[in-house]
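Note sheet for the following structure.
The values are calculated or read from the model by the stated rules, or taken from the named source; none is laboratory data. Quick caveat: nothing in here was measured; it's all calculated off a predicted structure. Note: ideal-geometry Cβ built from the backbone for every residue, glycine included; neighbour counts use all protein chains shown.
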Amino acid sequence: MEPQLLHTVADGIATVVIHHPAKRNAMTARMWRELPPLLGVLADDPAVRVLVLTGEGATFCAGADISSLREPGQDPSSLAVAAEEALAAFPKPTLAAVRGYCVGGGCQLAAACDLRFAEEGARFGVTPARLGIVYPESSTRRLASLVGPATAKYLLFSAELIETERALRTGLVDEVLPEGELGKRVAEFARVLLSRSRLTQAAAKEFASGRTDRAAYWAAQARGSGDTAEGVAAFLERREPRFSWTYGPAGAGGAVTEG
């Protein structure tokens, strides 16, 4: 099978798989280009509530396919940034499920997800210093925001790989799972997210990303959705809440409510 991005949607969870096992799931120029439109389709799909990004087999993603750096007319850096920004802008919760190597462009994609769950033994690195590449400004800021300036400089200056223990300690990873437990835990956590308020999640995602112009919008959404009343009622009645707020089309400037 040629290098490609595979995806499935089941029970509210979209799973996108980086499939290039011959090169440890390195991203080709074509794969970088295909990720933003794929994310757009999944963002607009009302059946999708959570997105999981992972790699085929025992590796998440070993970065960009270096051979693509030599193709005329290709700018892998700009392609990677466009894919990263599309992932960061995805309006629903995103999880990276990491096994094995998560390096270079792979770490760039993982950092753009909301959360990262890793299997013990995974290794992380940001490696442009090995190739004399200037790491993109937006990607550098995202990394520093996630792990702090000192760790970001360590990773970028040295291009050294770090183990899951250090990745967890610095905030690059949110949970580390024993071998064989990653898939189960990610599915379990995704189901937790499915049971929670989409309104809360969407607003929190925007606020956490630094949006400062949407407080009034989200206050209006909260007043009109009925989710708060439903959440309180469910708590008092000791039942699972039935939240009604849902996402509008990704290009429609926000979300809408359903009855």
Can you find even one residue in region 72-83 that is out of contact with any Gly (no Cβ under 8 Å at 6 or more places or on another chain), surrounded by 23 or more Cβ atoms within 10 Å (Cβ to Cβ) and more than 26 Å from Ala208 (Cα to Cα)?
no
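Counting only residues that are among the hydrophobic types (A, V, I, L, M, F, W, C), within 21 Å of Phe243 (Cβ to Cβ) and under 16 Å from the mean Cα position of the chain (by Cα), how many does region 10-51 have? Give the steps one after another, and end with the answer.
First, the residues of region 10-51 that are among the hydrophobic types (A, V, I, L, M, F, W, C): 10, 13-14, 16-18, 22, 26-27, 29, 31-32, 35, 38-39, 41-43, 47-48, 50-51.
The next check asks that each one be within 21 Å of Phe243 (Cβ to Cβ); those that pass are 10, 13-14, 42-43, 47-48, 50-51.
Going one step further and asking which of them are under 16 Å from the mean Cα position of the chain (by Cα), we end up with 13-14, 42-43, 48, 50-51.
Counting residues in region 10-51 that are among the hydrophobic types (A, V, I, L, M, F, W, C), within 21 Å of Phe243 (Cβ to Cβ) and under 16 Å from the mean Cα position of the chain (by Cα) gives 7.
Considering region 58-73 alone, what residues qualify as being at pLDDT below 90 and not in a loop (DSSP other than H, G, I, E, B)? Spell out how you get there, then give the answer.
If we filter region 58-73 for residues that are at pLDDT below 90, which is where we start, we get 64-73.
Hits for region 58-73 are Ala64, Ile66, Ser67, Ser68, Leu69, Arg70.
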Being of a type in the set (A, V, I, L, M) and at pLDDT below 95, is that true of even one residue in region 43-57?
no
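Within region 123-170, considering only helices (runs of 4 or more DSSP H) that don't extend past its boundaries, which have at least 2 residues that are within 19 Å of the chain's Cα centre (by Cα) and of a type outside the set (A, V, I, L, M, F, W, C)?
Values: elements: 137-147, 149-158, 164-170.
In region 123-170, the matching helices (runs of 4 or more DSSP H) lie at 137-147, 164-170.
From the list Ala122, Ala152, Ala144, Ala129, which residue is touching a helix residue (DSSP H, G or I) at 6+ places or on another chain (Cβ under 8 Å), surrounded by 14 or more Cβ atoms within 10 Å (Cβ to Cβ), touching a residue at least 60 places away in the same chain (Cβ under 8 Å) and of a type outside the set (D, E, K, R)? Spell out the reasoning first.
Numbers: Ala152 fails: touching a residue at least 60 places away in the same chain (Cβ under 8 Å); Ala144 fails: touching a residue at least 60 places away in the same chain (Cβ under 8 Å); Ala129 fails: touching a residue at least 60 places away in the same chain (Cβ under 8 Å).
None of the other options fit; the residue is Ala122.
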